[in-house]
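Each remark here refers to the structure printed beneath this line.
Please treat every number below as a calculation from the coordinates, not as lab data. Only a predicted model underlies this, so the values are computations on that prediction, with no experimental measurement involved. Every residue, glycine as well, gets a Cβ built from its backbone with ideal geometry; the counts of neighbours run over all protein chains shown.
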Amino acid sequence: MQSDIRVGTIQMTAAMLISGTIGWFVVISGQPVSAVVFWRCLFGAISLLAVCAAMGVLRPGILSWRSFGIAVFGGVAIVLNWLLLFASYAHASISVATTVYNTQPFMLLALGAIFLGEKITTTKLFWLTLAFAGMVAIIEAKPTGETGDGSYGLGIAMSLGAAFFYALAALAAKWLRGTPPHLIALIQVATGVLMLLPLTDFSNLPSGAATWSILSTMGVVHTGVMYVLLYGAIQKLPIHLTGALSFIYPIAAIVVDRFAFGHALQPLQIAGAAIILLAAAGMNLGWMPTRMLRLRAG
């Protein structure tokens, strides 16, 4: 058991560190967002196909038509999530976009209440309100160079939209409980290839080995390898530890954005980001505000 937790912790940490660098790869690729997502899906599908074949989950009858349809729905949502998140980097910076994107647990909370009948407790409502306060702080803290054209606000809106579609994909995954997760991931990226195929300009393909290396890395490492690590960790770790380690992702993204592009958060943005991450941590780890106050008072 202890060995599983140690291995799972290493896998989860690696998966979150990989996720934290995706924004850097998107920006330095120099490609349109739709092209980035298409090639990520294509290379990801190739790597996940190999993984699924090795695991023996491509045999007939392993997936019902209903489950396949739900997986495709999740694929549409995850691709829209990538398109919006990657597009938001140009407007609100990787740091801000990734932090706002981490409101996804609250999106899932609302969707779970609507479609799964899950109760929204007073504690969850508290963390939701706190996250909203952090969001307001980030929105108010416009960067120094903002010209009033609404670009920063558009970036925030895109990040929120990305979080919503990620929550939809997570909801689909909940409906597919018991289905091999790597097979779900394969269906999702294959759906992305078909979605973006009509939008891809094959007469103007990326040029240079460096660009192809970046795009293939996003597909093989940030999609194929990351999914294998992530799902392997989820199978080994208790939920609270999975939730705690997931916060490596936004922290890594903020560090990468700072050192790669020199984007430093303003004090109000730092405060807003800290509030959102605190609220998301409280939500994921099941912290009880009243109990925490009693312990502090005692």
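Once you keep just the Cα pairs under 8 angstrom separated by 6 or more residues, what percentage relative contact order results for the range 2-297?
43
Please report, in debye to the nearest 20, how large the charge dipole of the range 43-171 is about its Cα centre when each Lys and Arg carries +1 at its beta carbon and each Asp and Glu carries -1 there.
Here the size comes out at about 480 debye.
For the modelled label position 7 Å from the Cα of Gln266 along Cα-to-Cβ, which residues of the range 103-120 have backbone nitrogen atoms closer than 16 Å?
none
Only four residue types carry charge here, +1 at the Cβ of Lys and Arg and -1 at the Cβ of Asp and Glu. Report the dipole size of the range 2-297 about the Cα centre in Debye, rounded to the nearest 20.
940
Give me the number: length gained by fully extending Leu194 to Ile28, i.e. 0.36 nm times residue separation minus the C-alpha to C-alpha distance, one decimal in nm.
My answer for the length gained is 57.3 nm.
Could you give me D for the range 20-143, from Stokes-Einstein at 4 °C and 1.567 mPa s, where the hydrodynamic radius is the Kirkwood radius over C-alpha pairs? Units µm² s⁻¹, please.
The Stokes-Einstein estimate is 74 µm²/s.
To make sure I understand, if each residue's beta carbon is the centre and we count other beta carbons within 10 Å, what order do Thr223, Thr211 fall in, fewest to most?
Thr211, Thr223
How do 195-201, 228-234, 5-11, 59-65 rank on mean C-beta neighbours within 10 Å, highest first?
228-234, 5-11, 195-201, 59-65
What is the spin-label model distance, in nm, from Val255 to Ser203 if the labels are put 7 Å beyond Cα along the C-beta direction?
4.6
Towards the positive end of the charge dipole of the chain, with charges on Cβ (+1 Lys, Arg; -1 Asp, Glu), say which of Leu186, Leu85, Leu160 has the farthest Cα.
Going by the Cα projections, it comes out as Leu186.
Given 0.36 nm per residue, what is the gain on full extension from Thr123 to Ala244 after removing their alpha carbon distance, in nm?
Gain on extension, Thr123 to Ala244, equals 41.8 nm.
Quickly estimate the mean residue ellipticity at 222 nm for the chain, helices only: each DSSP H run with n ≥ 4 gives -39500 (n - 2.57), and the total goes over all residues, rounded to 500.
Computed ellipticity for the chain at 222 nm equals -25500 deg cm²/dmol.
Applying a 10 Å radius around every beta-carbon, put 87-100, 41-54 in order of their mean neighbour count, most first.
Sorting 87-100, 41-54 by mean packing, highest first, produces 87-100, 41-54.
So for each of 121-133, 66-78 I average, over its residues, the number of other beta carbons within 10 Å; can you give me the resulting order with the highest mean first?
66-78, 121-133
Based on the Cβ-Cβ distance of Phe115 and Ala210, what FRET efficiency does E = 1/(1 + (r/R0)^6) give at R0 = 51 Å, to the nearest 0.05?
Between Phe115 and Ala210 the formula returns 0.70.
Rounded to whole Hz and in sequence order, give me ³J(HN,Hα) for the range 221-226 from the Karplus expression 6.51 cos²θ - 1.76 cosθ + 1.60, θ = phi - 60°, writing x for Gly and Pro.
Calculated HN-Hα couplings, in order: 7, 6, 10, x, 5, 4 Hz.
With a Förster radius of 25 Å, plug the Cβ-Cβ distance of Phe132 and Trp175 into 1/(1 + (r/R0)^6) and report the FRET value to the nearest 0.05.
0.35
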